[in-house]
Amino acid sequence: MSLTKTILLICTFCLAAFLIASCKEKPKNPVAEYGDKLIDSYKGAQNAADVANLDALRKSIQAYRAANGSNPEKLSDVSALIGGSIDFDKFDYDPATGSVSPKPKPKATP
């Protein structure tokens with residue numbers, strides 16, 4: 001065999017070995033990717049709803065204060081002003097100041 005053919009053969013084997021080594025990445029699973037995107041969208045919608053609920057609570061506390069001259073004792077006192085259902089357990093409320101904030105979310109354990 002000539003030197004050129006030997007070099008070409010070695011290069012071909014090196015290229016083949018490189019291609020095989022680079023293909024160790026698992027192929028993507030379209031169903032899993034769709035599920036991940038769906039979960040991300042759901043979490044995004046939940047976050048948007050929590051922000052909207054926080055804004056509604058703050059405005060209803062202001063309306064309650066304007067109508068009654070004081071802050072409500074508890075968040076459920078403003079439920080009639082909101083016009084919808086809100087999970088009050090997701091929020092911290094200080095009746096002395098009338099401030100409301102989202103409760104810290106628990107850290108997920110792997």
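The values are calculated or read from the model by the stated rules, or taken from the named source; none is laboratory data. Remember, it's a predicted structure, so these values are computed and weren't measured experimentally. Note: ideal-geometry Cβ built from the backbone for every residue, glycine included; neighbour counts use all protein chains shown.
The table below gives the values:
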read-out: Residues of the stretch 26-69 classified as surrounded by 10 or more Cβ atoms within 10 Å (Cβ to Cβ) and under 13 Å from G98 (Cβ atoms), total; value: 10
read-out: Filter pass, P72 being modelled with pLDDT of 85 or more and part of a loop (DSSP other than H, G, I, E, B); value: yes
